[in-house]
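Rule-based calculations on the coordinates, nothing more; no lab input. This one's a predicted model, so the numbers in the text were calculated from it and none came from an experiment. Note: ideal-geometry Cβ built from the backbone for every residue, glycine included; neighbour counts use all protein chains shown.
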Amino acid sequence: MEQAPELRIDDARRNQVVSQLEEHMLAGRLTPSECDDRVGQALAAKTESELTPLLADLPVMQPKWHKIVLLIVACLVMAALVGGLAWSLASRAQSAPTP
């Protein structure tokens, strides 16, 4: 039985790998020379199997949006706490007896 050929990748996928490699270099996991070599290979890659070895010895990077989501959640929690505190103080002020 004949094996189906591997599908080709697009520029967006190549650029995604290049971005990941650059982030790993900035984190100190790759030297600039190693990064340059791998970026060249990524840009020349035609299939996913050519990209896989370029990231195989590096940890998986969390997407940048992950940090943004955490920041938004933290802001919402703080807003809820401040709002709850303000409501509590306002309700106490209304129920306090006036002299």
Checklist entry - In which sequence would M25, M61, M78 go, from the one with the fewest C-beta neighbours within 10 Å to the one with the most? => result M78, M61, M25
Checklist entry - Hey, what angle do you get for helix 64-95 against the long axis of the chain, alpha-carbon based, 0 to 90 degrees rounded to 10? => result 0
Checklist entry - How far apart, in nm, are the 7 Å Cα→Cβ label points at T31 and V73? => result 3.9
Next on the checklist: Give me, ordered by chain and number, the residues 5 or more places off I9 or on other chains with an amide H under 5 Å from its own placed amide H.
Outcome noted: T47, E48
Checklist outcome for this item: Charge dipole of the chain built from unit charges on the beta carbon (Lys, Arg +1; Asp, Glu -1), centred at mean Cα; most positive-end Cα among V69, Q16, P59 is V69
Checklist entry - How would you rank 67-77, 12-22, 48-58, highest first, on the average number of other Cβ atoms within 10 Å across their residues? => result 12-22, 48-58, 67-77
Checklist entry - Could you list log10 I(q)/I(0) for the chain at q = 0.15 Å⁻¹, which the Debye formula gives when each Cα is one point scatterer? => result -0.75
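Please give the charge dipole size of the chain, origin at the Cα centre, charges +1 on K and R Cβ atoms and -1 on D and E Cβ atoms. Round to the nearest 20 debye.
On the way: 9 positive and 12 negative charges, 163 e Å.
Magnitude of the dipole: close to 780 debye.
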Next on the checklist: Spelling out what I want: for every residue of the stretch 22-32, take phi, set θ = phi - 60°, compute 6.51 cos²θ - 1.76 cosθ + 1.60 (Karplus), and round to whole Hz; glycine and proline get x.
Outcome noted: 5, 5, 5, 5, 5, 7, x, 7, 10, 7, x
